[in-house]
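The values are calculated or read from the model by the stated rules, or taken from the named source; none is laboratory data. Keep in mind that what you see is a predicted model, and the values were worked out from it rather than measured. All Cβ positions, glycine included, derive from the backbone under ideal geometry; neighbour counts span all protein chains shown. The protein model used for the area step is the full one, side chains on, heavy atoms only, and it has no ligands, DNA or RNA in it. Shrake-Rupley method; radii C 1.70, N 1.55, O 1.52, S 1.80 Å.
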Amino acid sequence: MRISARADYAVRAALQLAGSLDDGPLKAEAIAEAQDIPHKFLEGILNDMRRGGLVVSRRGGNGGYRLAKPAESISIADVIRVVDGPLVSVRGVRPPDLSYTGPAEALLPLWIALRANVREILDGVSLADVASSQLPADVSALARTPEAWTNP
């Protein structure tokens, strides 16, 4: 699985918004600067997030962006889906729409299992969890294993 720059930037922008709830709306320029995201690229991402119902925007001097709902109710998966589509696909096709034959037949359940695990983690972690550095115990346990930090 590969996390695109677009998804990474979207999650970081959403986390910046989650971390500044008490400060009112944030301007795109401030988010871009705080997270070192190219401003023009971020504008497109924020528009997708607005259309996807994750952020709201207000124009004017006191305008900017803010989360459309509490950070506790927005999962990391929600953000990724809004900007990139399905979490797991094979050649752009969702796993249930695939079929294999012969020795490759067992590949389909493998892709389904992969998707289930990705969903379990990304749907189970909210913006509030990450912004407060309080990841769920199962996610923290996975990240603590030495193998998680090495590249095979």
Exercise for review: Go through the stretch 7-54 and give me each residue that's under 28 Å from Asn117 (Cβ atoms) and in contact with an Asp or Glu (Cβ under 6 Å, 6 or more places away or on another chain).
Suggested key: Ala7
**Study point:** Number of positions in the stretch 1-40 that are farther than 20 Å from Asp129 by Cα, assigned to a helix (DSSP H, G or I) and free of Cβ contacts under 8 Å to residues at least 40 places away in the same chain
**Key:** 8
**Study point:** Single match in Val88, Val139, Val83 (criterion: open to solvent by less than 40 Å² (accessible area, probe 1.4 Å) and assigned to a loop (DSSP other than H, G, I, E, B))
**Key:** Val88
Point to revise | Unique match (being within 18 Å of Arg6 (Cβ to Cβ) and either under 16 Å from the mean Cα position of the chain (by Cα) or in a loop (DSSP other than H, G, I, E, B) (or both)) among Asn62, Asn151, Asn117, Asn47 | key: Asn47
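Every residue, every condition in (1) at pLDDT 95 or above; (2) closer than 23 Å to Pro136 by Cα, yes or no:
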position: Gly64; (1), (2): no, no
position: Ile76; (1), (2): yes, yes
position: Arg81; (1), (2): yes, yes
position: Arg91; (1), (2): no, no
position: Leu98; (1), (2): no, no
position: Arg115; (1), (2): no, yes
Review point. When residues of the stretch 13-55 are filtered for being in contact with a helix residue (DSSP H, G or I) (Cβ under 6 Å, 6 or more places away or on another chain), among the small types (Gly, Ala, Ser) and open to solvent by less than 50 Å² (accessible area, probe 1.4 Å), how many remain?
Key: 6
